[in-house]
Each structure stands twice: as structure tokens, then as C-alpha cells.
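The values are calculated or read from the model by the stated rules, or taken from the named source; none is laboratory data. Small disclaimer: the values here were computed from a predicted structure and weren't measured. Here the Cβ positions follow ideal geometry from the backbone for every residue, glycine too, while neighbour counts run over all protein chains shown.
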Amino acid sequence: MATLRIMFPQKMSKETSEAQEITIVPQRTCVSCGRKTEKTELKRFVWGENSPLEDIPGTASGRGAYCCRNEKCVHSMKVQQKKWKRLFRL
Ligand SMILES: [Zn+2]
């Protein structure tokens, strides 16, 4: 009679956890210039009361838009009001 062995998930060994430690930085597109870059290189904006607000801690809920850190891109994102509806799903 065969013995049915039930495997319970075990804590990963040190070796396994190291092997799985691959850093993948998500890529985001700037809403102003369309440049694709690492998320950490961009500012995140969320919808405030009636204008986009910079999400400094990056934890605000809701749909966010990403924009380069340079003033030119931030400015053009802020003036493109027609885009906001789509960007923030207003
Ligand atoms: Zn940009």
C-alpha cells in the first residue's frame, strides 16, 4: 500500500531565498514626454481635489500618473487638463 505524503510548505532555505532575490525595477512612462524609465526616476501624481497632487511617499491609493522629475515635464503634465480625465479616470 502506497503511503501518501503530504508536503507542507517549508521555510525557504537561505540558498533558495538568495537565488530568488532578483531586483526588477518596474518601468513607467512619463505622461508628458513619453520617456520610459524606472519607476524610481519618476514622480507619481494622484488626483487631489481639483488638480494632480504629487504623491511623495508613493503610497496614495487610486490611479496615479508618472512624470519625469524635471520641471518641464511636471509643468506640461499640470497644464494638460484634457489628459487628466483619462490619466486619473475622473
Ligand atoms: Zn518626461
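For C33, indicate whether it is under 21 Å from R86 (Cα atoms), at pLDDT 90 or above, surrounded by 10 or more Cβ atoms within 10 Å (Cβ to Cβ) and over 17 Å from the mean Cα position of the chain (by Cα). Yes. Pairs meeting the criteria (first residue in segment 52-63 and at positive phi, second residue surrounded by fewer than 13 Cβ atoms within 10 Å (Cβ to Cβ) and not polar (S, T, N, Q), beta carbons under 9 Å, at least 6 apart or on different chains) are G58/K39; G62/R89.
I'd like to know if segment 2-25 contains one or more residues that are modelled with pLDDT of 90 or more and either within 16 Å of the ligand (Cβ to nearest atom) or among the hydrophobic types (A, V, I, L, M, F, W, C) (or both).
If we filter segment 2-25 for residues that are modelled with pLDDT of 90 or more, which is where we start, we get none.
There is no residue in segment 2-25 that is modelled with pLDDT of 90 or more and either within 16 Å of the ligand (Cβ to nearest atom) or among the hydrophobic types (A, V, I, L, M, F, W, C) (or both).
Does any residue in segment 73-90 that is exposed (fewer than 14 other Cβ atoms within 10 Å of the Cβ) come within less than 6 Å, Cβ to Cβ, of a residue that is modelled with pLDDT under 95 and of a type outside the set (V, I, T) six or more places away or on a different chain, and which pairs are these? Pairs that qualify, where the first residue is exposed (fewer than 14 other Cβ atoms within 10 Å of the Cβ) and the partner is modelled with pLDDT under 95 and of a type outside the set (V, I, T), are R89/R63. If the condition is being farther than 9 Å from K43 by Cα, assigned to a helix (DSSP H, G or I) and either within 16 Å of the ligand (Cβ to nearest atom) or modelled with pLDDT under 90 (or both), then segment 53-83 contributes E71, K72, C73, H75, S76, M77, K78, V79, K83.
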